[in-house]
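The values are calculated or read from the model by the stated rules, or taken from the named source; none is laboratory data. This one's a predicted model, so the numbers in the text were calculated from it and none came from an experiment. Heads up, the Cβs are rebuilt from the backbone with ideal geometry, glycines too, and the neighbour counts pull from every protein chain shown.
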Amino acid sequence: MVLPNLIHPVPVTIQVIDRAMTIMDDDMREPVQQSARGGSVVVPGQIKWGLDRAFNSQRSGPAEDSDGYVLFRLVDLAAATPPITIARDDRFLRLGTIDVDVYVTSLRYEGHYTDQGGPTLVKAFFRDRQPSRNQRGV
């Protein structure tokens, strides 16, 4: 049985969105005000910062995108208490020793092995929705 290892894994604090408790707008199918979230879960992950270092031209001047991804092993997510499945709009509060407030924007499943019957890894791409916010992880 082949299970890939992460390179230099660090603890990642995740808050999973609770869609059942979130008040949704019936017409727009989006959360009203704030999404409800469960408790924080810590899972090991491999972090890659700054995928897009290109400057975007804005009226106020150039703005650098600050995104990246966290690579998780699916067995680590399943072994967490409670077991979690990463989804779009989940929130990362801490990446290693750094307090952040970033949200999952997309997922990519990787590491497909025949003896596992499918993917063994998931890349959770993230982006900061409020880059001017001063307090992190609140």
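Residue selection: residue 109 satisfies the criterion of being at pLDDT 70 or above, in contact with a Pro (Cβ under 6 Å, 6 or more places away or on another chain) and closer than 24 Å to residue 4 by Cβ. Scanning region 71-90 for residues that are modelled with pLDDT of 95 or more and within 11 Å of the chain's Cα centre (by Cα) yields 71, 72. Do the conditions hold for residue 92, that is, is it within 14 Å of residue 17 (Cα to Cα) and touching a residue at least 40 places away in the same chain (Cβ under 8 Å)? Yes.
Can you confirm whether residue 26 is modelled with pLDDT of 95 or more and either loosely packed, with under 14 Cβ neighbours inside 10 Å or within 18 Å of residue 126 (Cβ to Cβ) (or both)? So residue 26 does not fit the description; no.
Remark: residue 93 falls outside the filter, which requires a residue to be modelled with pLDDT of 95 or more and not aromatic (Phe, Trp, Tyr).
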